[in-house]
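Heads up, the thing below is written out as structure tokens.
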Amino acid sequence: MQAVVLVGGEGTRLRPLTTHVPKPALTLVDRPFLAYVVEWLAGHGVDEVVLACGFLPDVLRQELGEHEHEGVRLTYVVEPEPRGTAGAIRFAADALGERLGDRFLALNGDILTDLDLGALVRSHEERGARASIALYQVDDASHYGLVTTGPDGDVIEFREKTGEVAPGAINAGAYVLERSLLAEIAPDAQVSIEREVFPRLIGAGLYALALDGYWMDFGTPERYLQATWDILEGRVATRVRPTGHGMFIDPESEIAAGAEVGPRAVVAAGCRVGAGAEVAGSVLLAESSVGDGARVSDSILAPRAAAEAGAVLAGAVVGRDERVPAQT
């Protein structure tokens, strides 16, 4: 089965981490985030992932590889300009041509999840659907698309990002689509699948299924950190071996005598933590450093960033190659 994964966004809420790196290429624990998506899809029988790229596509290629990952064929399709969620799917499908199957998955490429896509595909087939939406129950649906279904799973209302602070079943950003549905999407145009295509399909083959499991849009620094701890503490099924205590220290990092690391910390390859330094609840990405006596808590250091000796960081995000001096 094929999956079209939308990875064209700029991830502005995660800047400065995403200034030079697209959000799907950000390292999460020990691998690019997009690797988790591909590995999850592979576990559900997907053998080709089509990456609909926009922002910094060459970085995605460099991070994930050119031809395959974990036995899954990778195909990169670069949009000439932003085309919206449905427009990106249509563009990727047109680029594949006859290689695209009659039924395929389409997904947002910024969601960390272990939802059962197999259940969604089976439901789609049993109902003879044209499109099926994975739903996920949340306590606060204000920033997501709310979906209301009938007793047979048919979608009867689709409201995109209502702003209502209320519990509800939201669009989880994972779909099963029939190839015939592409005729509903104008070619070479900016079209939203959530705001334009799905509302037109109500009563005409649009179904949804609530799925249990883990689901998170890690689009803010706070959620990036929480996703990290959820992986390391085993709350989401991934190929990362959970440590149970939220720690990952790469063997190619250097931690000086007298430094304190944890509880909860990621120290990536090439990092250095100086003597007497304290790092807790924080992620140090490749080749970043924490100087002697510095204190770093609930923060993220991008590659080659530095908290200099005596610096104090709390809830900070430090961009690539930036240096934070000691407080005076």
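For this structure, a couple of remarks:
- Among the residues of this structure, residue 115 counts as one that is in contact with a Gly (Cβ under 6 Å, 6 or more places away or on another chain) and over 18 Å from residue 203 (Cβ atoms).
- Neighbours by Cβ (under 6 Å, 6+ apart or cross-chain): first from segment 42-58, at pLDDT 90 or above; second part of a loop (DSSP other than H, G, I, E, B) and acidic (Asp, Glu): 42/70
- Residue list for segment 1-20, filter: without any contact (Cβ under 8 Å) to a residue 60 or more places away in the chain and either of a type in the set (Asp, Glu) or buried (at least 24 other Cβ atoms within 10 Å of the Cβ) (or both): 10
- Residue match in segment 119-142 (condition: modelled with pLDDT under 95, touching a Lys or Arg at 6+ places or on another chain (Cβ under 8 Å) and assigned by TED's automatic domain parsing to the domain that holds residue 7): yes
- Unmet criterion (only one of (1) surrounded by fewer than 22 Cβ atoms within 10 Å (Cβ to Cβ); (2) under 29 Å from residue 213 (Cα atoms)) for residue 79: (2)
- Listed by position, the strands (runs of 3 or more DSSP E) inside segment 201-281 whose residues that are in the same structural domain as residue 44 (by TED's automatic domain parsing) and under 18 Å from the mean Cα position of the chain (by Cα) number at least 3 are 215-217.
- Condition check for residue 155: free of Cβ contacts under 8 Å to residues at least 60 places away in the same chain and among the hydrophobic types (A, V, I, L, M, F, W, C): yes
- Residue 117 vs. criteria crowded, with 22+ Cβ neighbours inside 10 Å, in contact (Cβ under 8 Å) with a residue 40 or more places away in the chain and not hydroxyl-bearing (Ser, Thr, Tyr): yes
- Filter pass, residue 94 being surrounded by fewer than 21 Cβ atoms within 10 Å (Cβ to Cβ), more than 23 Å from the chain's Cα centre (by Cα) and closer than 29 Å to residue 22 by Cα: yes
Residue-by-condition table, conditions (1) farther than 12 Å from residue 86 by Cβ; (2) of a type in the set (A, V, I, L, M); (3) without any contact (Cβ under 8 Å) to a residue 60 or more places away in the chain; (4) buried (at least 23 other Cβ atoms within 10 Å of the Cβ):
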| site | (1), (2), (3), (4) |
| --- | --- |
| 190 | no, no, no, no |
| 195 | no, no, yes, no |
| 203 | yes, no, yes, no |
| 207 | yes, no, no, yes |
| 215 | yes, no, no, no |
| 229 | yes, no, yes, no |
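- Inclusion of residue 12 among residues that are among the polar types (S, T, N, Q), assigned by TED's automatic domain parsing to the domain that holds residue 111 and at pLDDT 85 or above is not warranted.
- Residue list for segment 129-172, filter: within 16 Å of residue 192 (Cα to Cα), of a type in the set (Gly, Ala, Ser) and assigned to a loop (DSSP other than H, G, I, E, B): 145
- The one condition in (1) surrounded by 19 or more Cβ atoms within 10 Å (Cβ to Cβ); (2) part of a helix (DSSP H, G or I); (3) of a type in the set (Ser, Thr, Tyr) that residue 175 fails to fulfil: (2)
- Residue within segment 292-305 that is of a type in the set (D, E, K, R), farther than 15 Å from residue 254 by Cα and part of a loop (DSSP other than H, G, I, E, B) present: yes
The values are calculated or read from the model by the stated rules, or taken from the named source; none is laboratory data. From a predicted model like this one, the values you see are computed outputs, not experimental measurements. Here Cβ is always computed from backbone atoms with ideal geometry, including for glycine, and neighbour counts include all displayed protein chains.
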